[in-house]
Structures are given as C-alpha cells and as structure tokens.
C-alpha cells in the first residue's frame, strides 16, 4: 500500500522531468521521442494525484496528505539523483516501477 | 528595478540570518529528526532488554506480575508491548501517594515472560528530544525563547529563500556535480525545494507549539493564570480514576484480563496501549483500557477508552469522545504533525528522512557561505571571521553527529552501577563535541572535515559490532520473532556510517584545492547563462 503510493509518486515526477527539454536530452540524448511534452505533463500530474489516493483511503485525509507530501519529497530526490548519476537508466527504472505498481495492485491481500 | 531590490534584500536577509542561526538550527533539526525515533532510541539504549519480544499473553502475565509485585498499590499503569518498544512498562503508586506522570515506582518487564528486566540509568532518546527545544544546562524559559527566535528566523529564511530563488521550476530536478560552488548551490536548492512542504510544515508547527510558551498572555488573561486549566479543558483529559478517600478497601479477586483484552482488540484495530487499574485487588477496582493510536489529526490522535469493573469485568460508563472545535482542530493538526504521536512506522520514516533533508539543507547552506567567499579569501589572504565560520561549520555539521555517536558509546561502556550514570553519558556528549570544536580550530579545513567524518563512520559502524560481541539479543529478536526495533537502529547506524564514509571520501586531499580554483570558472559560466 505505502510502496504503491511512493512508486506512483516516482513515476509521476519522472514523467514531469521528461516533459522538460533539458532533462529529456539528459535521458534520450538526440534520439527523438514519441511522447509530446504536454502528454507527459498531463500523465505526470495524473500519477501524482493517483499517488495521493492510497494513503488518503488508508489514513484519512489529514494523515494521508502528510504521508503523500513526504513521499513526494523522497521520490523527487530519487529523480534528481538518477538524472545526475544514471540518466540513461531512467526509462528502465521507470518501466520497472510501473510494473511494480501493477503487480502490487493485482496482488491479493 | 523594484523586484531586483526586493530580491537583493531577501538575499541579504537569507544569507546573514542563515549564517548567524545556522549552527543552532542545524542542531535543532538533527536532534529533532532523531526525536521522531525517541522511544526506539531509548529502547536501544537499554541493551539488556533487546531480547524481549511481544507476546499475545502479555496483558494477563503483566497483571499477574503486578499482583505479585505490588498487591497493595492504589494504582497500576501497565503499558503493553507495542511496535516501538517490545517490553511491558509498569508503574505503581502506594496508598496515599501523589499520582504524577513520573512518580511512584516503575519496572520494565519482558514482553513474553513478564520477568523484571535490568534497567540501566540513561536519559536515552529523551536527552535528544529535550535538547531539540530546550537545549541543555540553561533555564528552560530562556532556552525556549532562543529556540523560538531561531524558529522564526528559519521561517523567514525559508520564505526569503523561495523569493530569491531565480529558477525554481526550471531547476526543479537539477543537480550538477563536481562544479564547486554551483554544485553546493544546486544541492542547497534541491534539498530546500523538493522537501519544501515538510520544511514549512515542521517550522510553522514548531513555532505554533512554542507560541503557547512564548506568548501566553491571551491564555493567561482568559484563564486567570491557571494555564493548566486551559490545557486540561482543551485536552479534555482527566486523570484516570480520581482517588476518593475514606472508602473502605474490601479485598476481592480480580477478574481475568484476557477476555476483556480480546473484546477491546476486536473493537480497536490498533490494539490496546495501556491498562490502568485503580484500587487493584479490591471490590472497587476499576480497569481502564486505552486504545493505541487513532485515526485522525483533527483530534490530536486522541484515543478511545473503556472503563470496566475490576472485580466482575462488567463495562462501566466510558468517557464520551468530544468533537474538537475549529481552532482546536487546526492547532491539533499542526501540533500532532510535529509531535507525530499517532504515526505508524512508514510516516515516522518519511518524517525522519524529511528532518535529515532539512539538516542537510542547512548544512549545505552554511558550506555555501564559505565556498562562495573562498576566491576572495585566496586573493586577499586569510581572515579570522572566515576561519571561524569554517571551524564552526566542521564542529557543528560533523561534530554534532560525532558527539551523538560518543553519547551512544558512553551508554554502552560506562559501568552500569556508576553513580549519576545518566549525567555522565550527557557529559561525554558535550566533551566529544568540545573536542570536535578544538580539533576543527587546530587542523586545516579539509583535514578537519575528513578526520571528523572518518571518526563518525568508525564510531557508528563499531556500535552494532560491539553489541553483537556482547550477545546478539537484538539480532535474535529480529530474526526469530520479527521484532526489529533494536536491530533496525543498528542497521540505521550502519547506513549513516556509510554516508559518513562517502562524505570523508568526498573531502579527500587535493579536492579542496581543485574545488577552490573552480568557483571562478563556474561563476563565469553562470554569468554566461544568466543575462
């Protein structure tokens, strides 16, 4: 439950970074990408919103929002460190995180 | 033009308030972050209790143990094993004794066997927690004023920092390493911006908590100076089972606690935190069960209580839950966010990491002050003020963690039977900190960093090793029963040791001179980019 939310926050922020010109260059170099920046921005914000859902449904709005902002900070620091030290790995990490979210969502509790 | 003036004024305020109060704020942030794990640290500083594991029968066994230890007491409080401490903590008061929070007699029982465990005299995490807002060795009120003013300056520094930050969204995910001053700036910005909600919330709520102490006039005039009445009215708390004198004590067999506990656990998902028994062993006995944690910040994590007849187990009328008014709700949200009494392990870790990010933000800010002025110092020769800031930076940023490591070592190495043992642990903390200050003043800047970070790494890494040699109680409890409180602390110490190693490698010789020549080059780059 907690990990789903953290992974969603990471995916959202990574997409938001990819929607920015200079970070897309860091990750993909000159290779053209298919996703238009606007779509990445929308998807990023959508995932950030989704990330707030699990903690809010589990803890209620007051504690849930506190959990959500804390997770956003940690996800953002991870995105920054990846862009600095392993930018080419971001697509793989992003795909793994997305797969993990799906796996956690389908896992029977 | 006006905007530029505003930005420059903010920059001036940010730089100088940050420098003057940075060292104090760093200490407040570090000890505050550790205070989120205050109970866990206190437990870790009782190594003889590490093998304790919570057991489902703990309530009944604790009641039996109390019956044997204190049959004639007027009150028992039994704090059951929980996720933050796997022992049972008991306290009891003799007939006619005043019932205060820390009065009476107390003992710590094994979570499974309910045998009394040895308790070593130590302030544990409470020392760090008190230091966080009352410092040490000075009048409480003065210290709280100092911390309160520092907190206000922190709030001002955060706001002025946001205003002076030129490209907050463009640079949101940017960190450019190995570029001297530019890198420190990026690190400072990233640590500040990415955890900004946490920094704002924790500073504002800290200020709100201190507000009742710093500006009590409103409350004083409304309650004619009886501040206790204000807080008890707001908290709507009354001491459990007020004592009624003059009633004859008729002995009566106590009811079995286990069925009552099962009944309460079915009702409360978090389980029971505490059992209070008034007039145990008599026909007037009253058992109070208190819920562990609660679901919302609005009522400050206030938990539900159940009152039961101690002889028959029949339910008595329980105190009704009160819905807080709007002002109380807002105060409750912020104060409980700061105190984090309600939190589960996940949120506790998130806030701990937030606190560490805040400490790192302050540290990078103070290092930036030094790095920014290095080219000028290189041209104009050394300067006493600059040297002082350098030394104080090392002594606080690296020295405080070293002192905390020394405090942990004192807990392990000082003889258990020593007189005034808890005070001696604290003395070791301050001696180590003073030694770090002297060392930072006497050694060249880069060497001071490297040596203190190296010492920190050794201190922290050897603590878990020492515990393993002394008997692997913590590891056994973790691996065989999944009771991770003490073992998690050991792993955290190792993680911080690794970070100290990384810091020491970063400060390796030659790096300082290279970094010093770079700022001018990177400064040109910045001028080139920003028109």
message = Could you tell me how many of the residues in region B:333-347 are under 16 Å from residue B:31 (Cα atoms), in a helix (DSSP H, G or I) and at the interface with chain A (Cβ under 10 Å from one of its Cβ atoms)?
response = 0
request  = Would you mind finding the one in A:5, A:19, A:73 that is within 11 Å of chain B (Cβ to nearest Cβ), surrounded by 22 or more Cβ atoms within 10 Å (Cβ to Cβ), closer than 27 Å to residue B:167 by Cα and at pLDDT 90 or above?
outcome  = A:73
task = Mind listing just one residue for me: the one in region B:39-53 that is under 23 Å from residue B:339 (Cβ atoms) and surrounded by fewer than 20 Cβ atoms within 10 Å (Cβ to Cβ) and, of those, modelled with the highest pLDDT?
result = B:42
ask   = Which of the residues belonging to region B:66-84 are over 30 Å from residue B:407 (Cα atoms) and either surrounded by 21 or more Cβ atoms within 10 Å (Cβ to Cβ) or in contact with a strand residue (DSSP E or B) (Cβ under 6 Å, 6 or more places away or on another chain) (or both)?
value = B:66, B:70, B:73, B:74, B:75, B:76, B:77
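Residue-by-condition table, conditions (1) surrounded by 17 or more Cβ atoms within 10 Å (Cβ to Cβ); (2) more than 12 Å from residue B:401 (Cα to Cα); (3) in contact with a strand residue (DSSP E or B) (Cβ under 7 Å, 6 or more places away or on another chain):
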site	(1), (2), (3)
B:419	no, yes, no
B:427	no, yes, no
B:433	yes, no, no
B:440	yes, yes, no
B:446	yes, yes, no
B:452	yes, no, no
ask   = Pairs, please: C-beta under 7 Å, at least 6 apart or cross-chain, first residue more than 13 Å from residue B:306 (Cβ to Cβ) and in region B:280-292, second assigned to a strand (DSSP E or B)?
value = B:280/B:76; B:281/B:251; B:282/B:251; B:285/B:277; B:285/B:278
ask   = Which one of the conditions (1) more than 15 Å from residue A:7 (Cβ to Cβ); (2) more than 9 Å from chain B (Cβ to nearest Cβ) does residue A:84 fail to meet, given that it meets all the rest?
value = (2)
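Here's the yes/no breakdown for (1) modelled with pLDDT of 95 or more; (2) part of a helix (DSSP H, G or I); (3) surrounded by fewer than 16 Cβ atoms within 10 Å (Cβ to Cβ):
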site: B:318; (1), (2), (3): no, no, yes
site: B:323; (1), (2), (3): no, no, yes
site: B:330; (1), (2), (3): no, yes, yes
site: B:361; (1), (2), (3): yes, yes, no
Flag if residue A:66 is out of contact with any strand residue (DSSP E or B) (no Cβ under 6 Å at 6 or more places or on another chain), surrounded by 14 or more Cβ atoms within 10 Å (Cβ to Cβ) and under 25 Å from residue B:193 (Cβ atoms) = yes
ask   = Can you pull out the residues in region B:167-195 that are at pLDDT below 90, over 20 Å from residue B:373 (Cβ atoms), touching a helix residue (DSSP H, G or I) at 6+ places or on another chain (Cβ under 8 Å) and more than 10 Å from chain A (Cβ to nearest Cβ)?
value = B:168
task = Kindly provide the set of residues from region B:43-72 that are in contact with a helix residue (DSSP H, G or I) (Cβ under 6 Å, 6 or more places away or on another chain) and not in a loop (DSSP other than H, G, I, E, B), ordered by number.
result = B:43, B:44, B:59, B:60, B:63
task = Find the residue count for region B:73-99, including only residues that are farther than 23 Å from residue B:342 by Cα and in a loop (DSSP other than H, G, I, E, B).
result = 8
query = Within region B:258-275, can you find the residues that are surrounded by 18 or more Cβ atoms within 10 Å (Cβ to Cβ) and part of a helix (DSSP H, G or I)?
reply = B:260, B:261, B:264
message = Exactly one condition in (1) facing another protein chain (nearest Cβ under 10 Å); (2) at pLDDT 90 or above is false for residue A:61; which is it?
response = (2)
request  = With the condition kept exactly as written, say whether any residue in region B:246-257 is modelled with pLDDT of 85 or more and not in a loop (DSSP other than H, G, I, E, B).
outcome  = yes
key: Conditions (1) more than 14 Å from chain A (Cβ to nearest Cβ); (2) touching a residue at least 12 places away in the same chain (Cβ under 8 Å); (3) part of a helix (DSSP H, G or I); number of the one not met by residue B:377   = (2)
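The values are calculated or read from the model by the stated rules, or taken from the named source; none is laboratory data. Every value quoted in this text rests on a predicted model; they were computed, and no experiment measured them. Positions of Cβ are backbone-derived with ideal geometry, glycine not excepted, and every protein chain shown enters the neighbour counts.
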